[in-house]
1. Restricting attention to the stretch 210-250, and to residues there that are more than 13 Å from the chain's Cα centre (by Cα) and hydroxyl-bearing (Ser, Thr, Tyr), which single residue is modelled with the highest pLDDT?
2. Only one residue in 323, 295 is at pLDDT below 90, loosely packed, with under 15 Cβ neighbours inside 10 Å and acidic (Asp, Glu), so which one is that?
3. Consider residue 201 against the criteria (1) surrounded by fewer than 22 Cβ atoms within 10 Å (Cβ to Cβ); (2) in contact (Cβ under 8 Å) with a residue 24 or more places away in the chain; (3) assigned to a helix (DSSP H, G or I): it satisfies all of them except one. Which criterion is unmet?
4. Of 52, 97, 61, 31, which residue is in contact (Cβ under 8 Å) with a residue 60 or more places away in the chain and either of a type in the set (Asp, Glu) or within 21 Å of residue 188 (Cα to Cα) (or both)?
5. Of the residues in the stretch 68-121, how many are modelled with pLDDT of 95 or more, within 12 Å of ligand 1 (Cβ to nearest atom) and among the hydroxyl-bearing types (Ser, Thr, Tyr)?
6. Being touching a residue at least 60 places away in the same chain (Cβ under 8 Å), in a helix (DSSP H, G or I), β-branched (Val, Ile, Thr) and closer than 22 Å to residue 215 by Cβ is the filter here, so list the residues in the stretch 160-188 that pass it.
Amino acid sequence: MSKLARRVSYPFTGEQPVLPPTGHLTVPSKDDVIAFYRTHERVGWSLTEILDLDWRDIRVDALTQTDIDVVETVMLVESNNPDYVANLIEYFKADQDVCDFIMMWAIEEWKHYYALREYLAKVQIALEARDTSAGADADRVAAIEAAVQRALGQKVGDVREASGENWGIPAHYVPVQVVASTTLQEFMTAEFYRHHARHTQEPVLAKLESLLAKDETRHEMFYEQRMKDALEADPGLMPMIVEALKEFGMPGAYLLEAYTARQAAMEDAAYPTLADKKGAFVALFSKMERIIGRENALRVFTEGNYMGDGDEGAAPKKKMRPELITRLITRKLSA
Ligand SMILES: [Fe+2]
Ligand SMILES: [Fe+2]
């Protein structure tokens, strides 16, 4: 299909009744946007350093196959940024300040995609050059690079085709539900990068993921504050937020083939031991508790399809028993 003909409507906004402008105004002030920009400038990191990195400077022998697989998974999810932006801008178009924020957020997410994609390409070139002893032959390395980039481009194209069908966030959501869902997504992503950065033995990847984690945390904090502001202005929004969090799933589930296996690989790579996995749950629960209170957080995990990722074909994920949650949290507190 030609690029121009590929899609004419956004799955998120296509069928949705138009909200009045006042329905959109749940989110930031101009000061909030400027505050975000200041941190963007202050903590901005250099994509150029990754682009210009010599593939020989990556310690591929320190990488596991799982490291490489999970980098591909997160790169593909990050690659879908133009579609997230298109959907969000369309949805929030009545609110100038939200759109301004989305533009800044978008360039950070775009950097994540490019940095991860270039890193992965260099890893694949290094592995291929090593296995075929082509490392010193510039023409052969150029041919390998072209093949690697072609294959990655194909995978990224497949993700964008998939996102034209399903964007993951239900079309009927009101703005505060979109913000709630995005807050959790940013939190989970930050946690993944931070923990995987600690476990991978490859120094370039560890450094890159640490930088990405900091960006994702800033995104999460921005969205979280907007949700708190909206709740403060209208406490009646809480049940809708709880509903959205109960339905939450990571976008990879809608965008990627074999997501269940990819998700399991990500969990094992970032949280290799049972103690790590429990720690990840406690961190997630604590975050949720701070935003919506303990009672509501318990409801999200006991009534919701916890991390079911909306995959209707898959067996439903367990609804967690309250006693299990209490035990996990209490153990953490008494540790
Ligand atoms: Fe990102
Ligand atoms: Fe983010």
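1. 210
2. The match here is 323.
3. (3)
4. It is 97.
5. Summing the residues that are modelled with pLDDT of 95 or more, within 12 Å of ligand 1 (Cβ to nearest atom) and among the hydroxyl-bearing types (Ser, Thr, Tyr) in the stretch 68-121 gives 2.
6. Hits for the stretch 160-188 are 178, 179, 183.
The values are calculated or read from the model by the stated rules, or taken from the named source; none is laboratory data. Quantities reported herein were computed from a predicted structural model and do not represent experimental measurements. All Cβ positions, even for glycine, are placed from backbone atoms using ideal geometry, and neighbour counts span all protein chains on display.
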